[in-house]
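The values are calculated or read from the model by the stated rules, or taken from the named source; none is laboratory data. Note that the structure is a prediction, hence the values are computed from the model and not measured. Methodologically, a virtual Cβ is constructed for each residue, glycine included, from the backbone with ideal geometry; neighbour enumeration extends over all protein chains shown. When the accessible area is computed, the model is the full protein with side chains, heavy atoms only, and any ligands, DNA or RNA have been set aside. Shrake-Rupley method; radii C 1.70, N 1.55, O 1.52, S 1.80 Å.
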Amino acid sequence: MGTPDFAVPSLEALIASGHQVAAVVTGPDKPRGRGQRLTPTPVKEVALRHSLPLLQPSNMKDPEFAAALRAYAPDLAVVVAFRILPREVFTIPARGTFNLHASLLPRYRGAAPINWALMNGDTVTGVTTFLLDDAVDTGTLLLQSEVPIDAEDDAGIVHDRLASLGARLVVETVAGIEAGTIQPQPQDGNLASPAPKIFREQCRISWKLPAQRIHNVVRGLSPHPAAWTEHGGRVLKIFKTRLLRQQVVAPPGTVRVGPQSLCVATADSDLEILELQQEGHKRMGVVEFLRGYKLVTGEQIV
């Protein structure tokens with residue numbers, strides 16, 4: 001059960017592992033692009049390529065969906081980046097249902113664990129498999145695997161790294177459940193931290209924060225949904241920055257423009273902007289951006 005790109009390596013790894021994938025459950029096709037053409041999910045594309053049976057319920061509580069799932073008599077269900085399942089669904093498989101989560105639970109329970117780990121400046125993250133229960137991301141832990149977060153990693157880089165790592169952990173978890181070698185462990189709720197869905201206004205940069213904090217926010221929101229600021233009423237999305245660690249006296253948000261550089265004053269130092277995007281234009285490096293966009297040293301962005 002899965003929908004986006006993050007789930008694709010796990011499905012492909014399960015297929016390659018030799019286990020029988022009885023069916024794939026994914027989201028309905030959605031209109032995308034300028035022509036609003038109905039487009040299958042990334043997981044559906046893999047399923048079609050391997051001629052696997054497909055279920056695309058719009059309502060997880062639909063009795064017809066539960067009946068269709070029950071007809072496969074599944075031993076186990078694997079959930080990767082899917083929707084919240086009701087108990088009447090996740091209890092159908094004989095050996096239960098487990099989920100792959102992109103954090104080291106109980107840290108970062110919720111919809112955006114990768115983004116929050118980077119925004120908070122974490123240096124380590126990982127993936128966890130756990131058995132589903134009635135509350136979100138609280139079930140008993142099965143397996144975990146951790147990786148470092150490099151200083152300049154952004155959410156896109158970590159997403160791809162965890163998708164690959166998670167695929168291996170999914171196969172290892174299936175094998176462990178099959179062999180009876182995994183001992184589920186309860187989560188320590190005292191160590192839990194939230195990773196809720198991120199909304200647009202939370203992505204607005206406050207230049208009154210220290211440079212390191214802003215740098216982490218940019219990394220954590222790149223490439224999507226992207227940190228943003230405003231200049232002259234125009235939205236500028238910021239995708240990549242560099243710490244300069246030099247003290248400034250200009251008010252936060254003050255721009256300093258060089259021949260091939262763009263820096264912004266923060267609470268404690270300048271922050272150099274390396275990649276950005278004007279609303280309605282493509283993402284580009286700062287040199288190309290400055291060729292077509294007028295910014296003057298001393299102006300403010302907010």
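Points to keep in mind about this one:
- Around Ala117: net Lys/Arg minus Asp/Glu count, Cβ-Cβ under 13 Å: -1
- Across all C-alpha atoms in region 223-269, the radius of gyration and Dmax reach 11.6, 32 Å.
- Under-5 Å amide H pairs with Leu209, H placed in peptide plane, nonlocal only: Ala267
- Each Lys or Arg adds one and each Asp or Glu subtracts one; over the other residues with Cβ under 13 Å from the Cβ of Ala23, this totals +1.
- Computed packing ranks the peptides 176-186, 72-82 as 72-82, 176-186, most packed first, by mean other Cβ atoms within 10 Å.
- Charge tally in the Cβ shell below 15 Å around Leu69, where Lys, Arg are +1 and Asp, Glu are -1, Leu69 excluded: +1
- Entry for semi-axes √(5λ) of the Cα gyration tensor in Å (calculated from the structure that is shown) out of [x] 35, 23, 19; [y] 34, 29, 18; [z] 42, 22, 15: [z]
- Accessible area (Å², per residue) of region 180-296, counting only protein heavy atoms and a probe of 1.4 Å: 54 Å²
- For region 210-302, the C-alpha radius of gyration divided by 2.2 N^0.38 Å, with N the number of residues, is 0.97.
- Cβ-placed point charges (K, R +1; D, E -1), dipole of the chain about Cα centre in debye, nearest 20: 960 debye
- Positive dipole terminus of the chain, leading residue within Thr26, Thr123, Trp207 (C-beta point charges): Trp207
- Convex hull of Cα atoms in region 115-228, direction-averaged projection (nm²): 8.2 nm²
- Taking trypsin sites (Lys or Arg not before Pro) across region 9-67, the ones in a DSSP loop with at most 13 further Cβ atoms lying within 10 angstrom of their Cβ are Arg34, Lys61.
- Set of lysines near Lys282 by C-alpha distance (under 19 Å), chain-local residues within fewer than 8 positions excluded: Lys237, Lys240, Lys294
- Pair-distance profile P(r), taking every C-alpha pair of region 178-243, with 5 angstrom steps and integer %: 3, 14, 19, 17, 11, 7, 7, 7, 6, 4, 2, 1, 0
- For Leu143, distant residues with modelled amide H under 5 Å away: Thr129
- Shown for the chain are the DSSP H helices of 30 Å or more along their axis, judged by Cα atoms, with a mean Kyte-Doolittle hydropathy of at least 0.5: 155-179.
- Residue-averaged [θ]222 nm for the chain, counting only DSSP H segments that reach four residues, each worth -39500 (n - 2.57): -8000 deg cm²/dmol
- In units of the compact-protein estimate 2.2 N^0.38 Å, region 1-153 shows a Cα radius of gyration of 1.09.
- Amide hydrogen neighbours beyond the local backbone of Val24, cut-off 5 Å, H modeled: Leu54, Leu55
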